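Quick notes on the structure that follows.
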């Protein structure tokens with residue numbers, strides 16, 4: 001069982017060149033901290049049927065994010081609250097081909113929930129502006145595939161594939177009469193590759209790579225179910241690029257009970273100047289992580305970890321070159337330029353319990369719990 005606390009910080013400050021409404025001296029120039037803290041639980045279990053077959057199940061949160069600007073910031077015209085939350089349950093079956101190869105396949109059952117609102121710009125104080133948008137949820141189905149290769153003693157290679165998942169969202173318009181809406185969102189597939197190499201009896205090197213097909217999101221249409229037409233509001237431009245992440249680290253065993261870990265990663269964000277918005281002012285970023293593990297007994301293990309994420313940019317330019325630009329806000333509120341100051345802290349802890357006695361020899365014909 002794993003629990004992770006995510007503590008993002010992102011503050012946007014309006015800059016010169018913005019439309020007059022955003023530079024009004026009576027209004028705040030800062031969004032405040034738009035990043036919302038979150039706790040994400042996860043759990044994993046496996047059961048060994050015999051020497052070749054395993055059953056597994058996992059529960060985690062592939063997508064979980066909330067941003068919310070200060071109500072007194074006029075930049076809410078380009079995004080007031082944005083929230084996505086998914087819960088992914090994946091039953092899996094694994095098969096050991098031989099001592100070198102193992103394969104697995106799983107079924108993704110994903111519940112997805114979202115909220116997406118903006119404020120309607122007016123001459124009054126921003127905290128008095130009306131807020132419009134949508135909220136909705138749905139279930140989607142996908143699959144996972146995986147393979148591990150052990151070509152040499154001390155060398156392990158893992159390859160994983162998580163399929164795209166189509167979510168047929170249904171919900172209602174907020175602040176626009178409450179009309180029922182629907183929208184189809186195709187969440188991206190991803191490929192992961194990992195290498196674990198034992199260098200000495202105490203030190204193991206780790207390398208990882210991940211690619212995610214964010215470019216398939218594009219611009220989901222929001223359909224008003226009463227009229228059957230595309231709703232003009234809200235406008236959801238998600239013209240993202242593909243993203244990738246590469247990391248390297250190590251694991252050192254101090255003694256039979258304790259080990260420590262450290263690593264560094266670099267992530268190429270799917271978001272750049274042409275598609276960055278006040279909702280998600282994301283950018284390329286560095287990851288720095290440390291952790292430790294403690295073996296309490298033959299069957300009980302504890303781990304803790306800390307990660308600091310440092311973005312390399314994230315300034316917002318809502319103008320005619322940006323996919324999220326709204327010309328209907330002209331001339332008073334169409335252009336918005338803002339500097340972004342951001343970082344993310346993540347704290348994680350986990351406990352692993354092996355139900356059986358790992359030192360006890362059990363015939364292959366009998367069930368065996370391994371994790």
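Bear in mind these aren't lab numbers, they're just calculated from the coordinates by the rules spelled out. Computed from a predicted model, the values in this text were never measured in an experiment. When we count neighbours, we look across all protein chains shown, and the Cβ atoms used for this are built from the backbone with ideal geometry, even at glycine.
Full extension of the chain between residue 159 and residue 15 gives 47.3 nm of extra length, using 0.36 nm per residue less the Cα-Cα distance. Just checking the listed ones, 330, 338, 248: in the Gaussian network model of the chain with Cα springs under 10 Å, the one fluctuating most is 330. Take the Cα of residue 172, step 7 Å toward its Cβ, do the same at residue 258, and the gap between the two points is 5.6 nm. Values [x] 27, 55, 18, 0; [y] 30, 58, 12, 0; [z] 24, 52, 21, 3 are given for comparison; P(r) over Cα pairs in 20 Å bins from 0, in percent, derived from the coordinates here, is the one labelled [z].
By the count of other C-beta atoms within 10 Å, a proxy for reagent exposure, 39, 301 are ordered fewest to most as 39, 301. With each label modelled as a point 7 angstrom along the Cα→C-beta vector, the residue 139-residue 310 pair spans 4.5 nm. Among rounded, prolate and oblate, which fits segment 236-299 when a ≥ b ≥ c are the square roots of the eigenvalues of its C-alpha gyration tensor, a/c under 1.5 means rounded, and a/b larger than b/c means prolate? It is prolate, given that a/c is not under 1.5 and a/b is the larger ratio. The ranking of 139, 129 by Cβ neighbour count inside 10 Å, starting from the fewest, reads 139, 129. Extending 7 Å from the Cα toward the beta-carbon at both residue 207 and residue 149 defines two label points whose distance is 1.3 nm. By how many nm would the segment from residue 239 to residue 40 lengthen if fully extended, with 0.36 nm per residue of separation less the alpha-carbon distance? That pair, residue 239 and residue 40, stretches by 68.9 nm at full extension. Given their separation in residues at 0.36 nm each and the Cα-Cα distance between them, residue 122 and residue 27 gain 33.0 nm when the chain is fully extended.
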